[in-house]
Amino acid sequence: MARKAEAPAPRRLIVAITGASGAIFGIRALELLKKQLVETHLIVSPSALRTIEEETDRSAAQVRKLASVVHSYKDIGASMSSGSFRTLGMLVVPCSIKTLSGIANSYDDNLVVRAADVCLKERRRVVLMLRETPLHLGHIELIERVTRYGATVMPPVPDFARQPKTIGDIVDQAVTRALAEFELG
C-alpha cells in the first residue's frame, strides 16, 4: 500500500536572536517575515536583550511585537521542543559562538539549542548567521560539526558587488539571502 504524502510544512519559522553583535539582522528578519505573513516563533537570549539595547534604537518589547509568538529562552518544554511542531526550520540571527557550541554539542539547556537540535533531528533547515570573528581552530571545528549535522553556517558577509549604499542595504542583503534558504524572501 502506498504511503500517504505528508502535508507541506506550514509557513512557520523559528527565529532566535542570540547575544552576538548584530541584533539588527534578527530584527530585520522579523520585519521581513511579518510582511510575508510567515508565522514566527521568537526566542531571545538574555545576552541578546542587552545587545538589542546597546546596538539598536529598539526596546525588547518592540522586538517581541514583531513576532507571531514569543517563547521563553529557558522553556525547554515549549511547543517547538517536539518534532511534531512542524516548521520550515530555524534561523539563528545573529548566532553567538556560545550558541554554535551548544548546537554542535547538543547541549540542550535552553530553548534556542533545543529547538535547533529538534530541527536537525527532523532534517529541517537550520541557518546560523554566525557573527564572531576572528575564528580560532575550536570555532572552525564547531562550524564543521554543525555543518555535518545538517546546519548551514552563513555569516552576514556584505555583497559589495551589489554596491550597497547604507548599512540598511547590507543588512537587507544578508537577511534576504538567509531567508532564501527557507524559500522565503
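Restricting to the stretch 135-157, count the residues that are closer than 20 Å to residue 122 by Cα, touching a strand residue (DSSP E or B) at 6+ places or on another chain (Cβ under 6 Å) and either surrounded by 16 or more Cβ atoms within 10 Å (Cβ to Cβ) or of a type outside the set (Val, Ile, Thr) (or both).
Here the count works out to 3.
From the list 113, 63, 93, 118, which residue is among the hydrophobic types (A, V, I, L, M, F, W, C), under 23 Å from residue 170 (Cβ atoms) and either modelled with pLDDT under 95 or in contact with a Phe, Trp or Tyr (Cβ under 9 Å, 6 or more places away or on another chain) (or both)?
Answer to the check: 93.
Tell me, which residue of the stretch 158-185 that is surrounded by 11 or more Cβ atoms within 10 Å (Cβ to Cβ) and of a type in the set (A, V, I, L, M) is farthest from residue 96 (Cα to Cα)?
So the residue we want is 184.
Can you confirm whether residue 126 is within 24 Å of residue 183 (Cα to Cα), crowded, with 21+ Cβ neighbours inside 10 Å, in contact (Cβ under 8 Å) with a residue 12 or more places away in the chain and out of contact with any Leu (no Cβ under 7 Å at 6 or more places or on another chain)?
Here the answer is no, as residue 126 does not meet what is asked.
Return a yes/no flag: does the stretch 75-91 have any residue that is in contact with a Gly (Cβ under 7 Å, 6 or more places away or on another chain) and of a type outside the set (Gly, Ala, Ser).
No, the stretch 75-91 has no match at all.
Considering only the stretch 129-185, state which residues are within 15 Å of the chain's Cα centre (by Cα) and basic (Lys, Arg).
Those that are within 15 Å of the chain's Cα centre (by Cα) and basic (Lys, Arg): 131, 177.
Which one of these is without any contact (Cβ under 8 Å) to a residue 24 or more places away in the chain and under 23 Å from residue 101 (Cα atoms): 42, 49?
Criteria check complete, one pass: 49.
Looking at (1) over 16 Å from residue 119 (Cβ atoms); (2) small (Gly, Ala, Ser); (3) modelled with pLDDT of 95 or more; (4) assigned to a loop (DSSP other than H, G, I, E, B), which one does residue 2 not meet, given that it meets all the others?
Only one criterion in (1) over 16 Å from residue 119 (Cβ atoms); (2) small (Gly, Ala, Ser); (3) modelled with pLDDT of 95 or more; (4) assigned to a loop (DSSP other than H, G, I, E, B) is unmet by residue 2, namely (3).
For the stretch 103-118: of the residues being within 14 Å of the chain's Cα centre (by Cα) and not β-branched (Val, Ile, Thr), which is surrounded by the fewest Cβ atoms within 10 Å (Cβ to Cβ)?
So the residue we want is 117.
The values are calculated or read from the model by the stated rules, or taken from the named source; none is laboratory data. Values in this document were obtained by computation on a predicted structure and should not be read as measured data. Cβ: placed from backbone, ideal geometry, glycine included. Neighbour counts: every protein chain shown.
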